[in-house]
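Taken together, the values in this text are just the output of simple stated rules run on the coordinates, not laboratory data. Computed from a prediction, not measured in an experiment: that's the story for all the values here. Neighbour counts run over all protein chains shown; Cβ positions are idealised from the backbone, glycine included.
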Amino acid sequence: MKRSHPLATVLAHVLLLAGAFLMLIPLLWTLSTSLKAPGTEFSLPVRWIPETWHPGNYLEVARLVPLPRWFFNSLVVALAATFGQMLTGSMAGYAFARLRFRGRDTIFLLFLATMMIPPQVTIIPLFIIVRAFGWYDSYPGLIVPGLFGAFSVFIMRQFFLTIPEELEDAARIDGANHWQIYWRIMLPLSGPALATLGTFTFMTFWNSFLYPLVITRREEMRTLPVGLSVFRDTFTTEWTLLTAGLVMSLIPVVIAFLLGQRYFVRGITMTGLK
Amino acid sequence: MAAESQVTIPQASGKSMGPLRRHGDGLWALLFLAPSLVGILIFVVGPIVMSVLISFTDWRLASPLTLQSLREDWVGWENYVQLLTWEEAHWSPFRAIAWRAPILLVSLAGLLWLMWRRSLGVIWGVGLLFLSAVLFGYFGGLIVDWEDRRFWQSMWNTLYFVGLSVPLTVAISLLLASALNRQLRGIAFYRAAYFMPVISGAVVVALVWRWMFNPSIGPINQFLGLLSIEGPGWLNSREWAMPAIIITDIWSKIGFYMVIFLAGLQGIPHHLYEAAELDGANKWHKFWNVTLPLLSSTTFLNVVLALIAAFQVFTLPYIMTEGGPAGATRVLVYYMYERAFDTPFRMGLGSAIAWIVFVIIFAITAVQWYARRKWVVYEE
């Protein structure tokens, strides 16, 4: 952090405020429209505060589309991926960081190489495989492929390498096996790394779009982003309903973000390790 | 003493096998690796191999996928040839280039001459070449009727998107991060504000901006109307649809890159600025000679991440325009989706498109990696 000239500080504030204004205005406009009575949202001159409050839009949207269900689906998918990857990633990470076995470096390189392939390449065969398992349009189809990832293995391996081996020696002398060392010593030490990996995974899967789009068909199996994308066709002219739906979908995410801002930011900074 | 070193050496050098642990941990490794290994083999490596195979077939989802059907539908390189050689269009590149070719050649020669005279650094030269390719692609895309040349149309559209969105996103987020990197009140507020679009997700962003850009009732054109400017048709117009998507993309991404820049900026040791001040450096000098070089590894990372993300853009055009109007926003991944997941479900052609996207991303990342040595400064 640099200490700076008062004038520079004022300039920085002006720039940042203007930017923040531009960032928030579409969202505030969305909020304002969602509270207007249907039909009054286009009246000129533009009104930022609705003339008459009309929270009924929210009830109407909730009646028309299964928003809670989509929300539940997204939550299940994102949470399963988060905890799944925290477990599988840290297990494999432990193997690569601490165990000696033949082919270790080859397998690790193979894992790393898969990170370079963009998801668009695998989406078509993934769709075929999941369909062959009979998981098309079902929870296993949405969840299972998300439980593993080379990125989480990589992150956890890098983190375990920074833990001094001396910490495990005492346990090893007491006769602890690898699972006990992993579960009782390494995992409790990995709180920050796991939290960061977790928020990052959660964010990725919460916003994931292309995969749930192709793997689901029924309305009740959609995740929130896929369900919301249908808004485009359902509410072509009812802007008040559309915006009410958007606001409802945003509220929990915004709350989660404000609570865990620290980890979000760290998770993003951690992509630097990629 | 001797006994001590026997114990400590194997622990310090983690990779060599020490006398205490002569045997490998094969079984334990199997236990720890099994979940990831099985999962990644089935859901990542398997699909990658299948995707290569499918891209050499004309398999269309109608028949179950077996080795038999793969062999029956095998077409060799035909998908790639069809996509890359304009054959899809039965159309000669020379006719469309026509009068633009001499202009392109002259500017190319000029650039090369400048680089040869060393009036222009390699990076700038490559950047300008890239820019002219983008502009050429853009105007090519507008002037030529692309109706049945969708692959090259989507290629140019993607280049146009990447060429504008990546530099602007990186530049704006760097500017914001520099403004934010000082002792200011309300940093948490600013960071949250800029980050809001990132956590909202692309679908919400796309829907909000689809409405912002509505030509008759959207807030943007209403605002322009207040300034007595008649706003364009935005998403309904071939010229303005892509700029609208680019604006939306920048808006939704700068918070993300700003946070990475901020972390990089905070890693620059303060004493370097003090040293520069002692040498009489002004603000601009300090930014140019201290901040930028020391931030270059962060910038490198951001450029690579932004390029990869931009080449894979899908959600915004899918929701805002469905690739329209007249294919003006059909980008590569959208085209892949269209080919593979719309009738007649040409999975082979779709896979070929995906691999072409991969090769482009890979090549650009490799070039960046090489160029990195030229412009990334490492603090010793």
With each run of n ≥ 4 DSSP H residues scored as -39500 (n - 2.57), what mean residue ellipticity at 222 nm is computed for chain A after dividing by its residue count and rounding to the nearest 500 deg cm²/dmol?
-21500 deg cm²/dmol
The range A:195-274 shape via C-alpha gyration tensor axes, a/c threshold 1.5
oblate
With 10 angstrom as the radius, rank B:MET347, A:MET23 by how many other C-beta atoms surround their C-beta, starting from the fewest.
A:MET23, B:MET347
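For a footprinting-style exposure proxy, rank A:LYS36, B:LYS286 by other Cβ within 10 Å, fewest first.
Result, fewest neighbours first: B:LYS286, A:LYS36.
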Distant-in-sequence amide H partners of B:THR57 (H built 1.01 Å from N, under 5 Å)
B:VAL75
For B:LYS283, B:LYS253, what ranking results if the residue with the fewest other Cβ atoms within 10 Å of its Cβ goes first?
B:LYS283, B:LYS253
Averaged across A:24-34, how many Cβ atoms of other chains sit within 10 Å of each residue's Cβ atom?
4
C-alpha long axis of helix A:6-34 to longest principal axis of chain A, angle in °:
70
Within 13 Å, Cβ to Cβ, of A:LEU246, how many net charges do the neighbouring residues add up to if Lys/Arg are +1 and Asp/Glu are -1?
+1
Using the basic label-point model (7 angstrom from Cα toward the beta carbon), what is the B:ARG373 to A:GLN180 distance in nanometres?
5.1
Rounded to the nearest Å, what's the spacing between the alpha carbon centres of the range B:321-377 and the range A:218-234? Just the number, please.
25
